[in-house]
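These notes concern the structure reproduced below.
The values are calculated or read from the model by the stated rules, or taken from the named source; none is laboratory data. The structure displayed is predicted, hence computed values, not measured ones. Cβ sites come from the backbone with ideal geometry, for glycine too, and all protein chains shown count toward neighbours.
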Amino acid sequence: MPIFRRGAGPHALAVAMSGIRMGERLLWIGARELPMLSAIAAKVGPMGVSGRVAAVAGNEAEADAARAAAARAGILADIEVASPSSLPFEADSFDLAIVAGPLRLVESLPAETRSALLGEAHRVLRRGGRMLLIERYGQPRLFGLMAPSDRTTASGQEAEASLQAAGFRPVRTLAQRQGLMFVEGLKRNL
């Protein structure tokens, strides 16, 4: 009996934590973590038949890289070049929006840009939709374990505060595992 199970892939945790289901509408903001995007987007199902995958890149080079990653993974996705602070989508268009990148990704943005990005994500999410921030805080060690540092905890608190300031409620850090931190905010049904 093998010790390690094959088939889950390196992004199995991110896919599970995203909670994405077939038929949902996914928006990926930024052209980072493209293999992770492909793994999560594969759960949505065939575009036009089931769900929808869209991504926003900051420039044409990033958009081309995202298109190539989607093609390699066999994912159909609408890749748009736009500023994350002015998303080219109608209100209530998506079930889940994701921003993924290095530790303190959202906090590293100027306050005005961060506010505009999260405000736009809030606008394009349907009521009851979710915003998920996925940040890398280091490389996992033996058996995928790595203890988060004080810096990681502070980043999670800052990410939560940023989501709350954009109108997401409730907001919570879902997990800090395998070198990834997941912070989620919900768009209320009110």
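Table: residues versus (1) within 13 Å of G156 (Cα to Cα); (2) of a type in the set (V, I, T); (3) outside any loop (DSSP other than H, G, I, E, B); (4) touching a residue at least 24 places away in the same chain (Cβ under 8 Å).
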{"position": "A97", "(1), (2), (3), (4)": "no, no, yes, yes"}
{"position": "R104", "(1), (2), (3), (4)": "yes, no, no, yes"}
{"position": "L109", "(1), (2), (3), (4)": "no, no, no, no"}
{"position": "T113", "(1), (2), (3), (4)": "no, yes, yes, yes"}
{"position": "L118", "(1), (2), (3), (4)": "no, no, yes, yes"}
Leading residue by the ranking (surrounded by the most Cβ atoms within 10 Å (Cβ to Cβ)) among those in the range 80-95 that are outside any loop (DSSP other than H, G, I, E, B) and under 15 Å from the mean Cα position of the chain (by Cα):
F94
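Conditions (1) modelled with pLDDT of 90 or more; (2) over 26 Å from Y137 (Cα atoms); (3) of a type outside the set (F, W, Y), marked per residue:
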position	(1), (2), (3)
W28	yes, no, no
A31	no, no, yes
I40	yes, no, yes
M47	no, yes, yes
S50	no, yes, yes
E60	yes, yes, yes
G74	no, yes, yes
Would you point out which residue out of G144, G179, G119, G167 is modelled with pLDDT of 90 or more, at positive phi and of a type in the set (G, A, S)?
G167
